[in-house]
1. Quick check on the chain: helices-only [θ] at 222 nm, where DSSP H runs of length 4 and up contribute -39,500 (n - 2.57) each and the sum goes over total residues. Nearest 500, please.
2. Are there any trypsin sites (Lys or Arg not before Pro) in the range 196-240 that are in a DSSP loop and have at most 16 other Cβ atoms within 10 Å? List them by number.
3. Name the aspartates and glutamates eligible as straight-distance cross-link partners of Lys216: C-alpha to C-alpha under 14 Å, and not fewer than 8 places from it in the same chain.
4. May I ask you to compute the full-extension gain from Val60 to Glu232, defined as 0.36 nm times their residue separation minus their alpha-carbon distance, rounded to one decimal in nm?
5. In Å, the Kirkwood hydrodynamic radius of the range 2-72 over pairs of distinct alpha carbons?
6. Across the Cα atoms of the range 78-229, what radius of gyration and what greatest pairwise Cα-Cα distance (Dmax) are found, in Å?
7. Please sort 154-161, 57-64 by packing, taking for each peptide the average over its residues of neighbouring beta carbons within 10 angstrom, highest first.
Amino acid sequence: MTSRLHNLVIESVGTRIISGDLAAGDTMHSEHLETELQVSRSVAREAVRVLQSLGLVESVKRVGIRVLPETSWNVFDPSVIRWRLAAAGKGAQLRSLTELRSAVEPAAAELAARHAPSDLGAELMAVAAKMRSVGRAGDLQQFLDLDIHYHGLVLAASGNEMFARMQSMIAEVLRGRTDYGLMPERPHEEALQLHMDVADAISGGDPEAARSAMDKIMRRTMEEVGSVWADEPRIFTQLP
């Protein structure tokens, strides 16, 4: 029960900040959260600590809980990604994440072809084959689960722990694409084959082919969903 209430506070406040209902500079008080959401002081305080770790708020003595600007947000955190994909500016968020994937995943596939243990390569082949079967059957939910596992395996097989830690972030991108109706009713045959090609290249130790096939996957993704962000302005963040 405590865990559920804790998550309720985080979700409620987090979504309001990301959506703009609570603007940068707005202040809240822990007591108000306790009353509004009917939670204990300890639950409210712990939830605020989590929101602080996400860069969404700060506690200011004698002022309260202050909402921070977007430049302070931890944009790599899966919760922040999920909230941003549910907000009005989801197109810009999807573009940023897809461009990040386009830069990282081909490199991860190349590294995986060079360094992946044989058991990971075999598992990747098995997952790709199942993706093709499930995709042809039109089971988008099972396909999503397999797709998340597949891309996580590629990142992990790279042997780069920084890439591997991006698994949960990419999982939220893939979930968002499905949840917001940005997937075709059935994955295209070319996309299914490209996933097989990446797995085959990694399993066979062919770095150039692995990078090329993953790059094609990402370019296809950009083409399929690019219309979502066509009119979204780019975000230019000032460096400190």
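1. -22500 deg cm²/dmol
2. Values: sites: Arg211, Lys216, Arg219, Arg220, Arg234; in loops: Arg234.
Passing sites in the range 196-240 are Arg234.
3. Glu99, Glu105, Glu110, Glu189, Glu190, Asp197, Glu208, Glu224
4. Using 0.36 nm per residue and subtracting the Cα-Cα distance, I get 58.5 nm.
5. It is 11.9 Å.
6. Both quantities, over Cα of the range 78-229: 14.4, 44 Å.
7. The densest-packed peptide leads the list: 154-161, 57-64.
Only the coordinates and a few stated rules stand behind these numbers; no lab work does. Model, not experiment: these values are computed from the prediction. Neighbour counts are summed over all protein chains in view; Cβ atoms, including those assigned to glycine, are modelled from backbone coordinates with ideal geometry.
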